[in-house]
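Input: a single structure, listed below in structure tokens.
The values are calculated or read from the model by the stated rules, or taken from the named source; none is laboratory data. All values derive from a computational prediction rather than experimental measurement. Counting neighbours? That spans all protein chains shown, and the Cβs are built from the backbone with ideal geometry, glycine included.
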């Protein structure tokens, strides 16, 4: 009886594992299909619309109308970048192997999201996954500290994160629509960010967002460091 029960339990476990594997394979296939549709159809249409609007702006000449059209083109570019980030997230496969820097940055965002109470909008630009170790380590710490600081003090309802790596500079920008900087708590939590910027020869800037209007509500944090010669060798 005990042997029969053990055999039945073993079969049940094997069937459960097989069902889990089939479910995981189906989920990955669906993610790949969605990612392909976003890349092949949605992004291409947005890109074509942006080119059409640029051509239209050239015919309008200088003026408010042309500025508004070009502003819409910039919004389309930002949307394309955010869709590409979403595609990257869809293509991530859970595994025990070391994960790329983008994936680890998204893990940081996911960790802080419960404290914020909403999902921040995240945008990547440049070769993030090829950054040198020293810059990568500080980048992860800076993003965590900046978002945690926002969650504690900003009372924000929306946060936008932009992480941009060019050939010679790494920049992190965190914007929120909260209560602003003030004179206490929020500033006192920025000493570590300042230190991490200065030891790379970089800068930390904190101020109201550039909204283009008279209402400076919210905060824009910009952490930026140069990539030195050794860093450029690693990026090459």
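When you go through 116, 127, 131 one by one, which is the residue that is in contact (Cβ under 8 Å) with a residue 40 or more places away in the chain, touching a strand residue (DSSP E or B) at 6+ places or on another chain (Cβ under 8 Å), surrounded by 15 or more Cβ atoms within 10 Å (Cβ to Cβ) and closer than 20 Å to residue 168 by Cβ?
Working: 116 fails: closer than 20 Å to residue 168 by Cβ; 127 fails: surrounded by 15 or more Cβ atoms within 10 Å (Cβ to Cβ).
So the residue among 116, 127, 131 that is in contact (Cβ under 8 Å) with a residue 40 or more places away in the chain, touching a strand residue (DSSP E or B) at 6+ places or on another chain (Cβ under 8 Å), surrounded by 15 or more Cβ atoms within 10 Å (Cβ to Cβ) and closer than 20 Å to residue 168 by Cβ is 131.
Within the range 150-173, can you find the residues that are without any contact (Cβ under 8 Å) to a residue 60 or more places away in the chain and assigned to a helix (DSSP H, G or I)?
If the condition is that a residue be without any contact (Cβ under 8 Å) to a residue 60 or more places away in the chain and assigned to a helix (DSSP H, G or I), then 151, 152, 153 are the ones that fit.
Scan 13, 51, 28 and give me the residue that is part of a helix (DSSP H, G or I) and at pLDDT 85 or above.
51
What do you reckon, is residue 111 at pLDDT below 90 and under 18 Å from residue 38 (Cβ atoms)?
no
Name every residue in the range 56-100 that is under 15 Å from the mean Cα position of the chain (by Cα), at pLDDT 75 or above and outside any helix (DSSP H, G or I), in order of residue number.
100
When you go through 119, 138 one by one, which is the residue that is in contact with a helix residue (DSSP H, G or I) (Cβ under 6 Å, 6 or more places away or on another chain), in the same structural domain as residue 196 (by TED's automatic domain parsing) and in a loop (DSSP other than H, G, I, E, B)?
Just a single option satisfies the conditions, and that option is 119.
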